[in-house]
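We did not get these values from a lab; they are worked out from the coordinates using the rules stated. It should be emphasised that the depicted structure is a prediction, and the values quoted were computed from it without experimental measurement. As a convention, Cβ positions derive from the backbone with ideal geometry for all residues, glycine included, and neighbour counts pool all protein chains shown.
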Amino acid sequence: MPATVPRLLLLAALTFPSVGSEDKVDPLRRRAAFPKEAYSCCDVLYDSVLTDRGQRVRTIVTRPKGAAGRLPAVLFVGWLSCDSVEQSLEAEADGWGRTLRGLVTDTGMVTMRVDKPGAGDSEGVCSETDYEGEVAAYRAALEALRRSALVDPDAIALFGGSMGGATAPLVAQGQKLRGVAVWGTFAKSWLEHMLEQERRRLALAGDPPGRVGEKMRGYGELYGLFLTQKLAPREVLRRSPHLSPLWHGGPEDLYGRPASFHHQAQDLNLPAAWEALDVPVLSIHGEYDWIMSREDQQMIVDVVNRAHPGRARFVGAPKTDHHFMAFDDPEAAFRDEGGRWNREVLDEVVGWLKEVTAPASAAAKASPSSFDASVRPVLERRCVPCHFPGGSMYARLPFDAGETIRSHREGVLRRLKGDDRAAVEAWLGPAE
């Protein structure tokens with residue numbers, strides 16, 4: 001997450017009961033001299049996992065108090081910066097802090113957050129951790145979550161925020177998941193993202209169009225050398241000293257992450273990663289998010305639905321910036337003046353997580369042929385063209401996919417009467 005990464009997470013809280021095994025020894029020492037998190041609704045377990053690179057990273061797991069049996073779970077996949085995912089009462093005014101606390105308090109699920117190597121209590125040096133090392137930490141955390149006695153291993157979802165929205169489909173590869181939700185992320189190459197973000201930043205900062213065009217030529221040269229030729233920043237600036245006024249980072253890093261992190265990010269083929277995921281996907285973008293583009297978020301939905309029709313949907317959050325805060329206009333959002341936390345984004349994510357991790361109904365287990373034979377003909381008569389290929393609502397609500405009808409049961413049934421409604425209700429089965 002470039003430049004204005006979350007005003008994150010100065011931390012603190014209280015002391016909490018442990019979840020799971022009693023008297024478990026925490027192999028990670030506390031780096032911070034403040035208490036741990038606590039919630040009236042949930043127990044909290046501070047634990048750790050070992051990555052395949054031999055680094056032990058901090059995990060923070062929550063579970064509703066008094067809950068019995070194995071529960072659905074969500075793993076949060078975090079941002080680019082080295083800020084910890086640990087939360088504090090002070091973070092309540094911050095959009096990221098409020099949203100992550102809401103993930104704990106509102107889902108009724110087991111939640112897991114993990115600090116990347118070098119962040120929070122985790123071993124390592126974050127400013128030296130490359131992208132592959134970060135992905136390894138999330139994969140180790142997901143495996144630990146799946147093995148947990150607290151968790152239904154068949155009801156796990158991911159929620160990726162900012163850079164974590166690009167990391168999430170990488171972590172999800174080859175995993176059995178109920179879904180992947182992403183907020184404020186990118187789907188093109190890292191080079192394309194960086195150039196498009198710089199253009200938006202310059203325009204919002206008030207540069208006249210001619211000056212923006214001039215600077216973008218420089219950024220094209222700078223990021224081409226840095227990302228495609230994989231030069232260290234000091235090498236780029238030594239070769240092209242006229243680009244120095246455009247550089248935001250240090251001689252070896254950008255946004256606190258080493259050059260290798262950005263080089264590996266540039267090597268990603270994110271559309272291919274999304275194509276490979278045959279799970280429900282929710283892609284949410286804030287209207288005033290100048291760091292990440294709506295086009296990229298819609299691209300995720302288009303790629304997934306092309307490979308797996310009906311699996312993905314896009315949701316726009318009006319007047320909302322990258323940090324879940326709503327503003328009166330884009331300029332105020334850019335200046336971070338007068339923002340208000342937009343709880344509707346949290347509600348959207350929580351509702352979706354509950355839907356995708358809910359126990360499968362008899363209708364969900366029905367064969368595709370039964371949908372095609374009894375339901376699709378009804379919908380084709382009533383809902384063409386809007387909800388079928390080529391229609392204006394198809395990308396968001398494709399009615400040629402049984403999963404869409406199951407997840408929007410009441411809304412679909414309200415449109416139908418008589419035998420048409422009876423046929424769809426019979427296929428859906430009793431409401432849970």
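Dipole orientation for segment 368-428: of the candidates Val375, Ala423, Gly411, Gly411 has the Cα lying most toward the positive pole (charges on Cβ; Lys, Arg +1; Asp, Glu -1). When a/c reaches 1.5 or more, the comparison of a/b and b/c decides; with that in mind, is the chain rounded, prolate or oblate per its Cα gyration tensor? In terms of gyration-tensor shape, oblate. For the chain, a crude dipole built from +1 on the beta carbon of Lys and Arg and -1 on the beta carbon of Asp and Glu, taken about the Cα centre, is about 500 debye to the nearest 20.
Within the listed set Ala166, Ala358, Ala326, the residue fluctuating most in the Gaussian network model of the chain (springs between alpha-carbon atoms under 10 angstrom) is Ala358.
Here segment 368-428 is treated with +1 on each Lys and Arg Cβ and -1 on each Asp and Glu Cβ, and its dipole about the Cα centre works out to around 220 debye. Counting neighbouring beta carbons within 10 Å and listing from fewest to most, the residues Leu246, Leu71 come out as Leu246, Leu71.
Electrostatic bookkeeping for Val412 treats Lys and Arg as +1 and Asp and Glu as -1; over the other residues with beta carbon under 11 Å from its beta carbon, the sum is +3. Between Asp329, Asp121, Asp47, the GNM of the chain built on Cα springs shorter than 10 angstrom shows Asp329 fluctuating the most. For the pair Glu344 and Arg29, a Förster radius of 45 Å applied to the C-beta separation gives a FRET efficiency near 0.70, rounded to the nearest 0.05.
In order along segment 73-80, phi translates into HN-Hα couplings of 9, 9, 9, 7, 10, x, 5, 6 Hz, rounded to whole numbers, per the Karplus curve 6.51 cos²θ - 1.76 cosθ + 1.60 with θ = phi - 60° and x for Gly and Pro.
As a check on your grasp of the helix formula, calculate [θ] at 222 nm for the chain: sum -39500 (n - 2.57) over DSSP H runs of n ≥ 4, divide by the residue count, round to the nearest 500.
When only DSSP H runs of four or more count, the value is -11000 deg cm²/dmol.
Counted by neighbouring Cβ atoms within 10 Å, the residues Thr228, Thr105, Thr99 run from fewest to most as Thr228, Thr105, Thr99.
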